[in-house]
Amino acid sequence: MVYWTIVEGDRCTPHQQLFATADMVEAMQHMELLRKRQREGEGVRFITMSSEHPDLVGHPGVDVTGPDYNWKKRRR
């Protein structure tokens, strides 16, 4: 999925376009067109891409680490 925002004055309008998992080249080309519009002065901002692993089993997150998980911010 490619996401971007159009900024016009005080108004920000979010947009998105879905691409199939196999269409990475098309997604990158779409992002390059958006960046070209941005370079030309159009109010295109926050251009980004996000993906999901199509074969993911289960939900990602800390809850899948198990009861032994003992991460600490500081090393002691």
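Before moving on, here are some points about what is shown:
- Residue-count net charge about GLN16 - beta-carbon cut-off 15 Å; Lys, Arg +1, Asp, Glu -1: -2
- Net charge of neighbours whose Cβ lies under 15 Å from the Cβ of MET1, counting Lys and Arg as +1 and Asp and Glu as -1: -3
- Carbon/sulfur fraction of accessible area - the range 8-50, other protein chains in place, 1.4 Å, %: 53 percent
The values are calculated or read from the model by the stated rules, or taken from the named source; none is laboratory data. Everything quoted here is computed from the prediction, not taken from an experiment. Cβ atoms come from the backbone with ideal geometry, glycine included; neighbour counts cover every protein chain shown. With ligands, DNA and RNA removed, areas are computed over all heavy atoms of the protein, side chains included. Shrake-Rupley method; radii C 1.70, N 1.55, O 1.52, S 1.80 Å.
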